[in-house]
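Can you keep this structure in mind? I'll have questions shortly.
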Amino acid sequence: MTVRVQEEDFDVGRELATLTAGNHAIGGLGVFVGLVRDIAGGQAVSAMSLEHYPGMTERQLEAIEREAHARWPLDASLIIHRVGDLMPGDNIVLVACASAHRQAALDATGFLIDWLKTKAPFWKREDTPEGARWVDARETDDAAAARWG
Amino acid sequence: MKLMYFAWVRQRIGTANETVDVPADAATVEDLIAWLKTRGPGYAEAFRDTRAIRFAVNQEYVEPNHPVAAGDEVAFFPPVTGG
């Protein structure tokens, strides 16, 4: 179980290789990568800034990850979330779960990103032609998290 | 008591964190908010609609009726939008 909150970019290939290295019981890897889009709510987005709550953010991510391990037979998992100033196309988040079989790996990955979006203290601010705006939380994200019970 | 503000709550209040002596009768998070709203227009604007705000005491999510005490770290922020 690994959680990292960082300004630096991450290399997906290198992170996944490190996650599974030396464990040949792993038969499947579920992966989600979130990227900065250049449009949101019909408006062009030229840049994004991500704020977090140092300490609480890491604690929440670790708690979410522990919950995934309690629900599915995972061999390894990884959450990396970036903060600071990002540009369209940049990586925001990497979630990966390794298990013997695909279903646990895929389900746990979906669970982690859905829960992260509603529980982990991060806030996005987007730069648009009309100025900077804080991104509003979406009810569809709450619904996505709620389906996991 | 250490107070922390994030995202638009921080912008409206004009500071990221502050250490304050709160009145003795501010026993819960909602009491604390009622007192904070009297501290200036930025506070009043930030806490105008408390349904739009989430709270954490000592880095754990809590409900508005959660008790607060001197020495606690209390955070106020909008619903989260990471991922």
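The values are calculated or read from the model by the stated rules, or taken from the named source; none is laboratory data. Just so you know, these numbers come straight off a predicted model, no measurement behind them. All Cβ positions, even for glycine, are placed from backbone atoms using ideal geometry, and neighbour counts span all protein chains on display.
Looking at A:D38, A:D11 in this structure, which one is at pLDDT 95 or above and in contact with a Gly (Cβ under 8 Å, 6 or more places away or on another chain)?
Values: A:D11 fails: in contact with a Gly (Cβ under 8 Å, 6 or more places away or on another chain).
Within the list A:D38, A:D11, the selection yields A:D38.
Let me ask something additional. Taking A:W123 as the residue in question, decide whether it is crowded, with 22+ Cβ neighbours inside 10 Å, farther than 12 Å from A:V31 by Cα and within 17 Å of the chain's Cα centre (by Cα).
Details: crowded, with 22+ Cβ neighbours inside 10 Å: yes; farther than 12 Å from A:V31 by Cα: yes; within 17 Å of the chain's Cα centre (by Cα): yes.
Yes.
How many residues does the range B:53-71 contain that are closer than 30 Å to A:F32 by Cα, buried (at least 18 other Cβ atoms within 10 Å of the Cβ) and more than 11 Å from every other protein chain (Cβ to nearest Cβ)?
Residues meeting the conditions: 2.
Before we move on, is B:V74 within 14 Å of chain A (Cβ to nearest Cβ), surrounded by 19 or more Cβ atoms within 10 Å (Cβ to Cβ) and assigned to a helix (DSSP H, G or I)? Talk me through it step by step, then tell me what you get.
Numbers: within 14 Å of chain A (Cβ to nearest Cβ): yes; surrounded by 19 or more Cβ atoms within 10 Å (Cβ to Cβ): yes; assigned to a helix (DSSP H, G or I): no.
Here the answer is no, as B:V74 does not meet what is asked.
Okay, residues lined up against (1) part of a helix (DSSP H, G or I); (2) under 13 Å from the mean Cα position of the chain (by Cα); (3) surrounded by fewer than 23 Cβ atoms within 10 Å (Cβ to Cβ); (4) away from chain B (no Cβ under 14 Å):
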site	(1), (2), (3), (4)
A:R37	no, no, yes, no
A:Q60	yes, yes, no, no
A:I92	no, yes, yes, no
A:Q103	yes, no, yes, yes
A:T109	yes, yes, no, no
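Are any residues in the range A:111-149 free of Cβ contacts under 8 Å to residues at least 24 places away in the same chain, within 14 Å of chain B (Cβ to nearest Cβ) and in a loop (DSSP other than H, G, I, E, B), and if so, which ones?
Passing the criteria: A:D136, A:A137, A:R138.
Report yes if some residue within the range A:67-89 is on the phi > 0 side of the Ramachandran plot and out of contact with any Leu (no Cβ under 6 Å at 6 or more places or on another chain); otherwise report no.
To start, the set of residues in the range A:67-89 that are on the phi > 0 side of the Ramachandran plot comprises A:84, A:89.
Filter again for out of contact with any Leu (no Cβ under 6 Å at 6 or more places or on another chain), leaving A:84, A:89.
Within the range A:67-89, one or more residues are on the phi > 0 side of the Ramachandran plot and out of contact with any Leu (no Cβ under 6 Å at 6 or more places or on another chain).
Also: Looking at B:A46, B:A26, which one is within 14 Å of chain A (Cβ to nearest Cβ), over 30 Å from A:A96 (Cα atoms) and in contact with a helix residue (DSSP H, G or I) (Cβ under 8 Å, 6 or more places away or on another chain)?
Details: B:A26 fails: within 14 Å of chain A (Cβ to nearest Cβ).
Exactly one residue qualifies, and that residue is B:A46.
If I filter the range A:75-90 for residues that are more than 12 Å from the chain's Cα centre (by Cα), within 15 Å of A:V3 (Cα to Cα) and either at pLDDT below 95 or of a type outside the set (D, E) (or both), do I get at least one hit?
yes
Identify the single condition in (1) outside any strand (DSSP E or B); (2) within 12 Å of chain B (Cβ to nearest Cβ); (3) touching a residue at least 24 places away in the same chain (Cβ under 8 Å); (4) not aliphatic (A, V, I, L, M) that A:E51 does not satisfy, given that it satisfies every other one.
Exception for A:E51: condition (1).
Looking at this structure, is A:A21 aliphatic (A, V, I, L, M), over 15 Å from the mean Cα position of the chain (by Cα) and at negative phi? Break it down stepwise before answering.
Numbers: aliphatic (A, V, I, L, M): yes; over 15 Å from the mean Cα position of the chain (by Cα): yes; at negative phi: yes.
Yes.
Residue under question is A:R71, and the condition is that it be of a type in the set (K, R) and over 20 Å from A:W115 (Cβ atoms); does it hold?
no
Among the listed residues A:D85, A:D75, identify the single one that is crowded, with 16+ Cβ neighbours inside 10 Å and more than 13 Å from every other protein chain (Cβ to nearest Cβ). Steps first, please.
On the way: A:D85 fails: crowded, with 16+ Cβ neighbours inside 10 Å.
Only one candidate qualifies: A:D75.
Then there's this: Starting from residues that are in contact with an Asp or Glu (Cβ under 9 Å, 6 or more places away or on another chain) and charged (D, E, K, R), keep the ones in the range A:63-98 and report whichever is nearest to A:N23 (Cα to Cα).
Across the range A:63-98, the extreme among qualifying residues is A:R71.
Can you give me the number of residues within the range B:1-22 that are within 11 Å of chain A (Cβ to nearest Cβ) and hydroxyl-bearing (S, T, Y)?
Residues meeting the conditions: 1.
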